[in-house]
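One structure is given here, and the rest of the page talks about it.
The values are calculated or read from the model by the stated rules, or taken from the named source; none is laboratory data. Note that the structure is a prediction, hence the values are computed from the model and not measured. In this analysis, Cβ positions are derived from the backbone assuming ideal geometry, glycine residues included, and neighbour counts consider all displayed protein chains. Heavy atoms of the whole protein, side chains included, go into the accessibility calculation; ligands, DNA and RNA do not. Shrake-Rupley method; radii C 1.70, N 1.55, O 1.52, S 1.80 Å.
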Amino acid sequence: YDITRGLVGSEMCIRDRSESMIRKYNDHAQDLKLLKTVIKNHSDRKKAHNLQLAYDKYVNNRHFVDVETKKAFPNKHLYRKSDFYEIVKKNLDASKEAVQIRKRNSVR
């Protein structure tokens, strides 16, 4: 009986982890949709570009930092969530999507 109980517990752990990963995926999809809307509609094109650049580097290529990124974000380590959020915070506008981003991700 102990073995059966252990397997059931493991299966529950796997199920919970799977549900957590699905939730994270869905949250990321919603955050990305909001961010893309902010970037598309931002009145300050430089800040819009900074948001896009920061996101690209944070998600897609954390370990390679090119000249453009170094120039845009000196002394920042885009692989750190806190640095990425700081850049986002500085470049958001006052749109309803930006307000949602701040609320959803504690970017204040």
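Of the accessible area of the stretch 21-61, computed with a 1.4 Å probe over protein heavy atoms only, carbon and sulfur atoms account for 52 percent.
Sorted by average packing, counted as other Cβ atoms within 10 angstrom per residue and highest first, what order do 83-92, 96-105, 39-48, 15-24 take?
83-92, 96-105, 39-48, 15-24
How much net charge surrounds Glu68 when only other residues with a Cβ under 11 Å from its Cβ are counted (Lys, Arg +1; Asp, Glu -1)? Write down the numbers at each step before the final one.
Values: positive: Lys57, Lys70, Lys71; negative: Asp56, Asp66.
Neighbourhood net charge equals +1.
Distance between the modelled labels on Arg80 and Asp27, one decimal in nanometres: 2.1 nm (7 Å Cα→Cβ projection). One chain, two ends: Val99 and Ile14. Fully extended at 0.36 nm per residue, the span grows by 27.1 nm beyond their Cα-Cα distance. Taking θ as phi - 60° and the Karplus parameters 6.51, -1.76 and 1.60, the scalar couplings of the stretch 31-48 work out to 4, 5, 4, 4, 4, 4, 5, 4, 4, 5, 9, 5, 6, 9, 5, 5, 5, 4 Hz in sequence order, x denoting glycine and proline.
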